[in-house]
Amino acid sequence: MMSRYALWVLLAPGVGFLILLFGLPLGMALLTSIGLGTVGVNTGFTLDHYAELFSNSIYLDGLRYSLFLSVVPTLVSLTIAMPLAVALQSTFPGKKLFSTLYRVPLVVPGIVAAFIVMILFDRGGEISRILKPLGLGLPKMVRDEWSLGIIIAVAWKAVPFMMLIIGGSLASISTDLPAAARTLGANRATVFWRIELPLALPGITAAVLLVFVGFTGAFAVPLLLGPIYPKRLSVWMYEASYQENNRGLASAMGIVLSVIACAVLVIYYRVTSDLRNAAGGEVR
Amino acid sequence: MQSLRKGFGATLVVDDFSLHVADGEFVALLGPSGCGKTTVMRMLAGITPLGGGEISVAGQRIDHLPPERRKIGLVFQSYALFPHMTVGRNVGFGLQMQGMAAAAIKQRVTATLELVDLARFASRYPRELSGGQQQRVALARAIATRPQALLLDEPLSNLDAKLREQLRDDLKALQRRLGTTTLYVTHDQSEAMALADRVVVMNAGRIVEIGAPRDLYQSPRERFTAEFLGHINIVPAEPQNGGLVTPWGQMVQGKGESGPQNLCVRPEDLALTADPDGKGQITEVTFLGAEVEHRVAVAGLSLRARASGRAAPVMPVGTRVALSVPQDAQFLAASGA
């Protein structure tokens, strides 16, 4: 058996990294947000920063908008990625070409994706120019109220990522299982809902969580393609921190975002475990 | 089944496979790995599309139906149990698909699990069971829906020898009790012979020979069958005076053949007696427990002889022996080569 010290030595690089670069800043942010800051002005214990955050409508709008831009693109990406990942399990003409091409967005930086969307979908963009002679026009898609441009840009990158993970977990299901279900009287749709989906759920969960976390922190794409108002809470954080030097408020925003992210994870796990039960038994 | 055909790429995996299985019959498909027997089974179940030919059950064509409407149960070599469902839910899955009421499902699941002696494991997950238990769950799941026919694809090949034998006996008893028409795929000749009413010997995608186990073993028409069903001695014999004469000079009955023939003699049918003037000489002795095997060199051939029982003589290497084959234990191979 490995000695306790050896175990700690082996764990140290990984755990130490987490504590140092994740735990420590989070702890400092928590302290700063209640006025016990080591970074900002130390005012003594106060909940003023949270009070300001939850009473000022521009911050509440920012919070709502942040949530919108985390949840909606995740759902949109999942809705697109899921059927494609399923389709890629079967053979069809041109599959090889498709499986190569769909990965291209993975290597394109997000900011480039944002510019692509801007060039294509903005008023006076390429698509508008093509449509104009036909008497057609695009709705406002860049800096618009519903953030269509942002959703397109981030989903364009997230869809192949999700397909890769979900496709991997679908491919790991033995082909005998759907076949067995078919011989027992299940049609294709039932096989998907009762066999493939529950068994691929760990992969789907992972894909959704990773993409969701990525969207929560997205900064550049919303800045480029988002509307003037509302601004994401992350953008307000940046302004509070660097333009108004109000570290306490910025930290409070950060803590609120972190709490929301954690809450979403908990809810998501609850929902998926219910789904697993409904689909016929506990998984693992 | 009529003239089933299936090819993958340029290779024809199954060619002109025709078989009629009677109601309640137990038929084994026997052949070496890769001979196409599993493909036949998957085509019957509808998992692998048919390359040609037709499949009928009780006079009704089923080859155009999707697998879920064929009412054919299939037990996979891998068992293919649903890992996220309990044993009870696995067995009840097919019943649920039939739209049976929950109470009736529960009853049928319990009854079916009792048949395979696993009723107390209904709330366990497949991963919590041993290989033999998983195999029985797979069987229970396939028979729970009372299919028109049951297909078993090497169901015992992942188990150890002793368990395999026990489950083989259980399986046969269960099949007799239920009277389900059963097609059993295996590469193990003793399994096929022990279980089946009829054995279909397959090679390279084609049926070599069909017959009752005893007939195929004792009087195969094809050399492939003779060799696949156990050890065999091929002894060239020359026609003489309406009979055939072996290299050691024994006359056996012929059927009026004109050219040289190949006699096929099972090792247990080749009798050896110590004789200083005998034509054969022992080259190897192997004690196998229930049997003693002697290797005999005679006229440039190396033959196997087996004797069983406590009284079976063990002759040392170098002993000269006389050979004899009983008249009724020998047969002619159809094509010789």
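The values are calculated or read from the model by the stated rules, or taken from the named source; none is laboratory data. Computed from a predicted model, the values in this text were never measured in an experiment. In this analysis, Cβ positions are derived from the backbone assuming ideal geometry, glycine residues included, and neighbour counts consider all displayed protein chains.
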Answer residue from the range A:141-199, given it is within 14 Å of chain B (Cβ to nearest Cβ) and hydroxyl-bearing (Ser, Thr, Tyr) and is surrounded by the most Cβ atoms within 10 Å (Cβ to Cβ) among those: A:THR183
field: Selected residue (criterion: farthest from A:THR216 (Cα to Cα)) from residues of the range A:226-272 that are touching a His at 6+ places or on another chain (Cβ under 9 Å) and among the polar types (S, T, N, Q)
entry: A:ASN246
- line: Filtering the range A:81-103 down to residues that are surrounded by fewer than 16 Cβ atoms within 10 Å (Cβ to Cβ) and part of a helix (DSSP H, G or I) yields A:PRO83, A:ALA87, A:LYS95, A:LYS96, A:LEU97, A:PHE98, A:SER99, A:THR100, A:LEU101
task: Could you please find all residues in the range B:167-194 being of a type in the set (A, V, I, L, M, F, W, C) and surrounded by fewer than 23 Cβ atoms within 10 Å (Cβ to Cβ)?
output: B:LEU167, B:ALA173, B:LEU174, B:LEU178, B:MET193, B:ALA194
task: Please tell me if B:SER308 is under 30 Å from B:ALA204 (Cβ atoms), touching a strand residue (DSSP E or B) at 6+ places or on another chain (Cβ under 9 Å) and exposed (fewer than 14 other Cβ atoms within 10 Å of the Cβ).
output: no
field: Enumerated helices (runs of 4 or more DSSP H) restricted to the range A:1-60, each holding at least 1 residues that are touching a residue at least 40 places away in the same chain (Cβ under 8 Å) and surrounded by 12 or more Cβ atoms within 10 Å (Cβ to Cβ)
entry: A:24-33, A:48-55
- prompt: Applying the selection to the range B:163-207, what residues are closer than 14 Å to B:GLN135 by Cβ and free of Cβ contacts under 8 Å to residues at least 40 places away in the same chain?
  reply: B:LEU163, B:ARG164, B:GLU165, B:GLN166, B:LEU167, B:ARG168, B:ASP169, B:LEU171
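Go through B:PRO49, B:PRO83 for me and flag whichever is at pLDDT 90 or above, within 14 Å of chain A (Cβ to nearest Cβ) and surrounded by fewer than 20 Cβ atoms within 10 Å (Cβ to Cβ).
Criteria check complete, one pass: B:PRO83.
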- prompt: Do you know which of the residues in the range B:195-214 that are assigned to a helix (DSSP H, G or I) and touching a strand residue (DSSP E or B) at 6+ places or on another chain (Cβ under 9 Å) is surrounded by the fewest Cβ atoms within 10 Å (Cβ to Cβ)?
  reply: B:PRO213
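Yes/no matrix, rows are residues, columns are (1) more than 24 Å from A:LEU138 (Cβ to Cβ); (2) among the aromatic types (Phe, Trp, Tyr); (3) in contact (Cβ under 8 Å) with a residue 12 or more places away in the chain:
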| site | (1), (2), (3) |
| --- | --- |
| A:TYR65 | no, yes, yes |
| A:THR74 | yes, no, yes |
| A:THR91 | yes, no, no |
| A:VAL108 | no, no, yes |
| A:ALA114 | no, no, yes |
| A:ILE127 | no, no, no |
task: Only one of these is within 27 Å of the chain's Cα centre (by Cα) and of a type in the set (Val, Ile, Thr): B:VAL265, B:VAL285. Name it.
output: B:VAL265
- line: Scanning the range B:108-155 for residues that are within 11 Å of chain A (Cβ to nearest Cβ), surrounded by fewer than 17 Cβ atoms within 10 Å (Cβ to Cβ) and among the small types (Gly, Ala, Ser) gives B:SER123
query: Is it true that B:GLY88 is over 28 Å from the mean Cα position of the chain (by Cα), of a type outside the set (S, T, N, Q), under 17 Å from A:ARG182 (Cβ atoms) and facing another protein chain (nearest Cβ under 10 Å)?
result: no
- request: State whether the residues of the range A:203-221 include one that is of a type outside the set (Lys, Arg), under 30 Å from B:ALA142 (Cα atoms), out of contact with any Pro (no Cβ under 6 Å at 6 or more places or on another chain) and within 14 Å of another protein chain (Cβ to nearest Cβ).
  value: yes
- request: Residues being free of Cβ contacts under 8 Å to residues at least 12 places away in the same chain and within 9 Å of another protein chain (Cβ to nearest Cβ): count how many of those fall in the range B:56-77.
  value: 1
- line: Residues of the range B:98-107 being within 13 Å of chain A (Cβ to nearest Cβ) and surrounded by fewer than 20 Cβ atoms within 10 Å (Cβ to Cβ), in sequence order, are B:GLN98, B:GLY99, B:MET100
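Taking B:GLY73, is it small (Gly, Ala, Ser) and either in contact with a Cys (Cβ under 7 Å, 6 or more places away or on another chain) or buried (at least 19 other Cβ atoms within 10 Å of the Cβ) (or both)?
For B:GLY73, the condition - small (Gly, Ala, Ser) and either in contact with a Cys (Cβ under 7 Å, 6 or more places away or on another chain) or buried (at least 19 other Cβ atoms within 10 Å of the Cβ) (or both) - is met.
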- line: Only one of A:GLY168, A:GLY137 is small (Gly, Ala, Ser), assigned to a loop (DSSP other than H, G, I, E, B) and either at pLDDT below 95 or more than 29 Å from A:GLY214 (Cα to Cα) (or both), namely A:GLY137
